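Below is the structure I would like to discuss, written out as structure tokens.
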Amino acid sequence: MTNNLTKIIAGLLIAIAVLLGIYAWMLGRSMPHPAPTSQVVAVNPVPVVVATRTLPVGQPIAADALKVQATAPAPTGAFTDPAVVVGRVPARDIPASTPVVSDALVSGLAEDVQPGERAIAVRVDETNAVGNRLRPGNFVDVFLNLKREGSLLDGEVSQTQARLLMSRVRVLSFGDATPDRDSGNNTNGNNGQPSNVRIAVLAVPTAQVDALTLGEASGRLTLALRNPRDDELAMQTVAARTDNKLSPSALAAAGVSLQQLSGTPRSAVANVNVPPLPSRLPPVVRPVGGSGGGSVEVVRGGRSETVAY
């Protein structure tokens, strides 16, 4: 009796399980299927700056060459405000209807150099660069230290001296510190000073580049840190030359001599006892033998000619 009851109960359980399975299968068919995971999710358009015409490399971008256009997705480095792009210079041609991105524009120190300036690197150390405490954006006065030459025959420095060469020159970079990456907060156990500084890059007026390069080659430069609110500008330095008829580039091309940098008067060099060179070499006459008359070979400078007599 008990065995029969157990068999009946087992059969009922099996039947119930089968019915539940059928119900679950029918319920799964009636439910909507989820969207495939590979389906692209819609992206909302973003307003970005786009070129209205081809922007040639090396030419400043004009305001009428830009427009704002909704784009999806927005490219990396895109701009949303045209005012930020106006005046920037493309590093490569930017086709029309193409978003303007930061990688396509000139960047770095070249953007920090103002028109009429040139970026010049000078050698520095702790003793001539304010103990390596200069930072990008600082203003310095550049002093030139010259030692007297042993003989005026060998040089143009009449006395040992230090003089102001340039006034209120802007520091573009110092060591590995630039306006975008100032390493002044990276102490490295050195009181907040960049380590292993050997080069400072200065923004120098074009007409004074020749004086700076000649001064560094002939003497020692010292950078004196200025207060940024001190706007005094020395106009009588040896490097500051003005000529209304010449552009700054023409002044730099005309050059400057070490005698001008050192302030050595021309008379100091002219009064040195140096035997004067003859203005003209006398002609050399050599007799030339021959029959039927005579002739001589006349040598003038590096040219010779035979004259019959």
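Taking region 93-110 as the search range and keeping residues that are surrounded by 12 or more Cβ atoms within 10 Å (Cβ to Cβ) and touching a Leu at 6+ places or on another chain (Cβ under 9 Å), which one is farthest from VAL57 (Cα to Cα)?
Filtering first and then ranking leaves LEU109.
Moving on to the next point. Any residue in region 250-266 that is over 29 Å from the mean Cα position of the chain (by Cα), exposed (fewer than 12 other Cβ atoms within 10 Å of the Cβ) and modelled with pLDDT under 90? Working first, answer last.
Let us first name the residues in region 250-266 that are over 29 Å from the mean Cα position of the chain (by Cα), namely 259-260, 262-266.
If we keep only those that are exposed (fewer than 12 other Cβ atoms within 10 Å of the Cβ) as well, we get 265-266.
Restricting the remaining residues to those that are modelled with pLDDT under 90 gives 265-266.
Within region 250-266 (the criterion being over 29 Å from the mean Cα position of the chain (by Cα), exposed (fewer than 12 other Cβ atoms within 10 Å of the Cβ) and modelled with pLDDT under 90), the answer is yes, since at least one residue qualifies.
Before we move on, is GLN159 of a type in the set (S, T, N, Q), under 23 Å from the mean Cα position of the chain (by Cα) and surrounded by fewer than 16 Cβ atoms within 10 Å (Cβ to Cβ)?
Values: of a type in the set (S, T, N, Q): yes; under 23 Å from the mean Cα position of the chain (by Cα): no; surrounded by fewer than 16 Cβ atoms within 10 Å (Cβ to Cβ): yes.
Spelling it out, it is not the case that GLN159 is of a type in the set (S, T, N, Q), under 23 Å from the mean Cα position of the chain (by Cα) and surrounded by fewer than 16 Cβ atoms within 10 Å (Cβ to Cβ).
Anything in region 76-92 that is in a loop (DSSP other than H, G, I, E, B), surrounded by 15 or more Cβ atoms within 10 Å (Cβ to Cβ) and over 19 Å from the mean Cα position of the chain (by Cα)? List them, or say none.
Scanning region 76-92 gives PHE79, VAL86.
The values are calculated or read from the model by the stated rules, or taken from the named source; none is laboratory data. All of these numbers come straight from a predicted model, not from anything done at the bench. So basically every Cβ, Gly included, is an ideal-geometry build from the backbone, and we count neighbours across all protein chains shown.
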